[in-house]
Amino acid sequence: AAPAEGEEAEGAGVVGLDRDRALTLGGLVVLVLGTLVLDLDVGLMSLTIAVVLSVISPKACRKAPSEVAWPTVLLVCGVLTYVAVLEEMGTIDYAGHAVADVGVPVLAALLLCYIGAIVSAFASSTALMGALIPLAVPFLLDGSIGAIGMVTALAVSATVVDVSPFSTNGAIVMANVKVTDRDAFYRRLLTYGGVVVAVVPLLTWLVFVVPGFG
């Protein structure tokens with residue numbers, strides 16, 4: 001009887017593919033194709049697919065709103081709105097150009113790495129890379145700093161902090177983590193993000209930029 005009970009316990013943990021799960025997976029495929037191939041708005045696509053799934057399976061979707069981590073959603077929306085306002089006002093561009101105008105290229109590279117880490121903790125790393133790399137072009141062209149090392153340092157500084165609770169990836173982690181004390185987990189993520197922002201840009205600058213200086 002013991003092996004039979006063990007097999008039943010293992011079988012109880014297996015999740016089968018029913019109609020609702022198949023429709024959800026199909027909706028995810030449609031979302032990816034619509035946004036990447038047809039270049040449709042990801043927010044509108046998500047809401048449309050959610051409405052269609054709710055109409056098809058109203059009973060299964062009835063509990064879905066209560067499963068959403070609304071505090072995390074509001075946090076991300078607020079941070080993204082704040083960063084968008086800063087970008088619209090030109091604050092990030094102003095800071096980047098001010099750093100690029102620094103007379104010492106190696107110091108400007110360090111400051112750009114810090115700007116990348118700090119802003120990326122609240123915004124998209126990919127979009128930020130597209131904004132910061134052109135600012136480094138002037139002192140990359142004169143050969144004082146290696147291009148590969150500078151781009152690598154910027155990429156690492158801007159992406160390693162993506163698990164910050166204010167960023168999209170960190171918010172997804174916060175929304176799906178199963179812990180008894182969510183506030184304590186949030187503080188740990190916040191501490192990690194702060195340590196990464198303070199330490200990683202300096203380390204990447206020392207490892208990738210300084211050796212190629214001169």
Accessible area of the stretch 16-117 belonging to carbon and sulfur atoms, whole % at 1.4 Å probe: 72 percent
Residue among VAL99, SER57, VAL79 farthest towards the positive dipole end of the stretch 55-124, charges placed on Cβ: SER57
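The values are calculated or read from the model by the stated rules, or taken from the named source; none is laboratory data. Bear in mind that the values here come from a model prediction, so they are computed numbers and not experimental data. All Cβ positions, even for glycine, are placed from backbone atoms using ideal geometry, and neighbour counts span all protein chains on display. Ligands, DNA and RNA are stripped out before the accessible areas are found, and what is left, the full protein with its side chains, is counted by its heavy atoms. Shrake-Rupley method; radii C 1.70, N 1.55, O 1.52, S 1.80 Å.
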